[in-house]
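Notes for the one structure printed next.
Taken together, the values in this text are just the output of simple stated rules run on the coordinates, not laboratory data. Everything quoted here is computed from the prediction, not taken from an experiment. Because the Cβ atoms are built from the backbone with ideal geometry, glycine has one as well, and the counts that use them run over all protein chains shown.
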Amino acid sequence: MATVWIPTPYRDLVGGVETVTVAGSTVRQITRNLDTAHPGFWERLVDDETDRIRAGVSVIINGVVVGTALHEPVGENDEVHYLPAIAGGA
Amino acid sequence: MTTANKKKYKVIGTTPIRHDGADKVTGRAIYGIDFHTTGMLWGKILRSPHAHAKIKSIDASKALALPGVHAVVTGKDMAVARDIEVEAGETSLNYMHLSDNVMARDKVLYKGHAVAAVAADTQHIAEEALDLIDVDYEVLTPVLNGREGMKADVPLIHPEQTTKIMAFRFDPGTDSGEKSNVAGRSQLKLGDIEAGFKEADFIVEREYTTSWVHQGYIEAQNATAHWNNDDNITVWNSSQGTFNQRQLMAEILKHPVSQIKMVPLEIGGGFGGKIPVYLEIPAAMLSKKTGHPVKMTMTRTEVFEGTGPASAAQMKAKVGATKDGRITAAYAELVFEAGAFPGSAVGAGAQGMFTAYNIENILIDGYDVVVNKPKSAAYRSPGTPQACFPAEAVIDELADLVGMDPLEFRMKNAAKEGDRRADGVQHPEMGNLECMEALKASDHYKSDLGGPNRGRGVASGYWGNAGMPASCSIAINGDGTVSLAEGSPDIGGSRTSIAMMCAEAFGIAAEDVHPSIKDTDSIGYQGLTAGSSTTLRNGWAVYEVTNQAIELIKARAARLWETEPENVDFADGVFFSKAEKELKLTFKEMAGKLMETGGPISVAASVAPRGAGPSFTTHMVDVEVDPETGKVDILRYTAAQDVGTMIHPDYVEGQVQGGAVQGIGWALNEEYFFNDKGAMLNASYLDYRVPTMLDLPMIDTILVEHANPNHPFGVRGVAEISVVPPLGAIANAIYAAVGVRMRDLPMAPHKIVKALQEKNGKTK
């Protein structure tokens with residue numbers, strides 16, 4: 001199962017812990033299963049209109065920014081983060 | 001300084017003359033201000049004299065009656081953009097906010113906010129017409145400070161805005177339902193902050209403020225737009241991303257993206273400030289109304305008042321450490337003034353502020369607060385210089401309490417591969433500690449200060465860098481040269497760096513590659529020239545096209561040698577037969593045989609690279625403070641930075657030096673002076689004090705080449721991070737020189753004199 005780091009403002013949805021383990025082999029499955037176990041994540045993280053992770057969020061898998069596509073593969077022991085997408089200035 | 005993981009190259013790492021050098025030094029390069037086209041009109045913007053006011057009415061009849069005036073547009077002429085958040089490059093934005101920032105509709109939200117635009121035969125007529133537009137305002141009380149703006153009894157800039165508890169910008173998150181100027185509240189939490197502070201033997205907690213500062217690019221914003229009769233729009237301008245701006249234009253004008261062509265002209269600096277659109281929209285609207293191309297350029301005052309500077313911030317920082325110098329916990333509260341619309345860089349500041357250190361327990365609260373000032377924009381490592389200032393100053397105080405050398409204290413706590421950032425992500429392979437070690441081994445570290453009232457300060461910094469998509473194409477010419485097309489506006493020498501990677505792959509000279517930067521109809525999608533990503537991502541694209549071309553040429557060589565392509569190999573610029581060693585032709589020789597072996601070869605590729613690799617840096621500065629006047633002189637400055645593989649070392653060094661100089665200005669001189677009505681009082685370079693070469697010594701660099709393992713040439717972004725440490729490093733140096741801790745930027749002479757008087761008990 002993948003380890004999902006919960007954004008701090010959402011930790012009330014998971015009892016205050018930093019991480020939870022979630023089954024799934026894509027970002028879609030991970031996010032859906034996270035929401036099933038702890039309702040509220042799908043609405044916060046996914047834009048149903050575009051069927052993508054919301055603008056302003058980047059999914060990071062094992063430290064690598066993978067963007068906003070829900071079909072991104074997630075490995076069995078991967079670490080998944082949902083973090084702000086940030087661009088720079090130069 | 002090169003680390004063990006760097007490959008050997010022939011072109012990469014050399015310093016050829018830039019391909020655009022001759023045009024730029026002879027004045028032939030075409031910038032926006034140089035652009036001219038047949039039948040062109042001039043546009044000018046009428047801007048609000050008030051920081052906060054309702055627009056009761058706009059009467060442009062007198063202006064329209066002025067001979068030579070062709071059209072006037074106002075916010076009422078603009079379609080209402082969608083109130084949604086979208087990706088734009090690697091950042092995100094709200095179209096409605098962007099549209100309302102381009103031209104006010106019902107309210108003006110800062111002095112300088114655009115309220116109308118005029119097109120006329122000449123600039124002078126257009127300026128004269130602005131005076132003839134009557135705008136009736138109902139002036140409102142402005143909100144001019146972030147902490148003040150958070151209070152319950154202040155005017156609401158956006159009356160319907162409620163505070164959202166967000167994990168990220170535009171997160172629908174949890175709506176507090178409370179109407180407020182606080183647009184968003186975010187938090188990063190790692191470990192157990194209370195336990196971490198309990199473990200500490202020393203705790204330092206302080207408050208800090210920074211002022212609004214501008215990126216200070218030399219070239220003002222400009223745009224020429226032509227809305228043709230067939231509804232195709234062409235825009236010639238200076239921007240940090242043609243494809244991003246094309247998307248923004250399409251949304252705001254509600255026009256098909258396929259009917260907008262953005263033509264990149266040369267750019268005279270951006271540093272983040274040329275990511276948004278400003279003039280492009282009114283220029284296009286005026287062109288539609290008049291049928292003529294319309295050119296608009298900003299004055300320097302307009303640039304200061306009407307574009308996006310970096311946020312001012314009010315911050316608290318609290319850090320604890322054990323007696324042996326291990327940092328156990330860090331807390332911060334960051335209040336960033338977003339300007340007139342939500343979306344400061346507070347999130348990026350939170351992500352970056354303690355990231356150079358391995359701290360197991362961290363809590364950072366961030367507040368994004370709207371105020372009646374220009375909408376903030378990105379500025380080189382957005383948000384991170386502000387946030388790292390308190391972090392580095394408090395860490396310096398802790399080192400003092402623990403009794404450790406400040407650089408050794410940082411080395412003891414330096415983040416390494418596998419350590420976690422405040423947001424929980426583990427650091428990849430990088431050279432943070434190597435930078436600190438290199439600085440400690442430097443002549444600068446070992447040198448004496450050589451006089452009284454002199455002090456040395458150090459500070460570290462982090463910036464995450466970005467990837468973003470890129471496209472390029474190449475055409476191999478018969479003489480063995482290569483025409484290379486890409487689409488990223490070249491701010492820091494990227495076209496030559498990209499050409500060098502192409503030359504490296506083919507085993508030819510950098511001068512044999514001819515790079516050009518194309519418009520949005522002529523090249524595949526490009527991300528922003530931002531996020532320190534351009535050389536990295538276009539290097540990936542070049543890697544793809546050169547590999548593809550080499551395979552095609554192998555097949556041509558096989559045809560010549562009457563063998564199969566798998567029997568041909570390529571190394572060091574030479575194609576050769578694996579079986580018959582005497583059969584070999586250089587890339588140039590093969591280029592001359594393309595026509596006889598099947599015709600010309602050209603290749604295009606698009607990529608979306610991952611694994612950008614973060615930047616780390618540590619700076620050291622010696623200052624001398626005049627205790628009578630408070631003037632600070634920078635005596636010596638050294639920046640040590642992990643730069644990955646350097647493609648063109650001069651450009652890398654220039655980026656490091658340029659960022660350091662901007663940070664020095666941020667620390668010592670630069671600030672927007674606002675009066676109590678929200679008017680900027682120093683909107684010119686005469687009064688907005690940017691450091692010049694006469695103010696500074698040579699910025700020494702120690703360039704640590706820790707190659708990015710996720711890039712074919714080892715590139716990691718280098719352009720932004722060096723603006724981060726100077727704020728803290730100089731504050732720490734001033735303390736070392738004269739014993740006062742400066743916590744309010746800029747550290748201007750009068751503030752230092754006052755602090756010295758208070759220290760010496762001579763407060764006036």
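Just a few scattered comments:
- Charge tally around B:Arg147: other residues with Cβ under 12 Å, Lys/Arg +1 each, Asp/Glu -1 each, net -2.
- The alpha-carbon of B:Lys316 sits under 20 angstrom from the alpha-carbons of these lysines, leaving out residues fewer than 8 places away in its chain: B:Lys151, B:Lys189, B:Lys198, B:Lys751.
- For the stretch B:1-153, size of Cβ-based charge dipole, Lys and Arg +1, Asp and Glu -1, in debye: 1040 debye
- Here the dipole of chain B is about 600 debye; that uses its Cα centre as origin and unit charges on the Cβ of Lys and Arg (positive) and Asp and Glu (negative).
- Given charges at Cβ of Lys, Arg, Asp, Glu: chain B dipole, positive-most of B:Leu745, B:Ala719, B:Ser497: B:Leu745
- Stretching the chain fully between B:Glu562 and B:Thr322 yields a gain of 79.0 nm (0.36 nm per residue, less the alpha carbon separation).
- All-pairs Cα distance distribution in the stretch B:467-529, expressed in whole percent, bin size 10 Å: 23, 53, 22, 1
- Counted charge near B:Ile550, where neighbours are those whose Cβ lies closer than 13 Å (Asp, Glu -1; Lys, Arg +1): -3
- For the protein assembly as shown, share of DSSP beta bridges that run antiparallel, in % to the nearest 5: 75 percent
- Unit charges at the beta carbon, dipole of the stretch B:393-519: most positive-side option, B:Met468, B:Gly450, B:Ala393: B:Ala393
- Mean separation of Cα pairs under 8 Å and 6 or more residues apart, divided by the residue count, gives chain B a relative contact order of 15 percent.
- The label point for B:Ala571 and the one for B:Lys179, both projected 7 Å from the Cα toward the Cβ, are 7.5 nm apart.
- Of B:Leu46, B:His214, B:Ile12, farthest towards positive along the dipole that unit charges on Lys, Arg, Asp, Glu beta carbons give the protein assembly as shown: B:Leu46
- Taking the DSSP bridge list for chain B and keeping only pairs wholly inside it, about 75 percent are antiparallel.
- Calculated FRET efficiency for the pair B:Gln426/B:Lys254, C-beta based, R₀ 41 Å, to 0.05: 0.40
- Summing charges over neighbours of B:Met262, with a neighbour being any other residue whose Cβ is under 11 Å away from its Cβ, gives 0 when K and R count +1 and D and E count -1.
- Cβ-derived FRET efficiency at R0 22 Å, B:Lys677 paired with B:Asp134, nearest 0.05: 0.55
- Per-residue shielding of B:466-473, expressed as the average number of other chain Cβ atoms within 10 Å of the residue Cβ, stands at 2.
- Using only side-chain charges placed at the Cβ, +1 for Lys and Arg and -1 for Asp and Glu, the dipole size of the stretch A:2-84 relative to its Cα centre rounds to 60 debye.
- Taking every DSSP beta bridge that has both ends in chain A, the antiparallel portion is near 85%.
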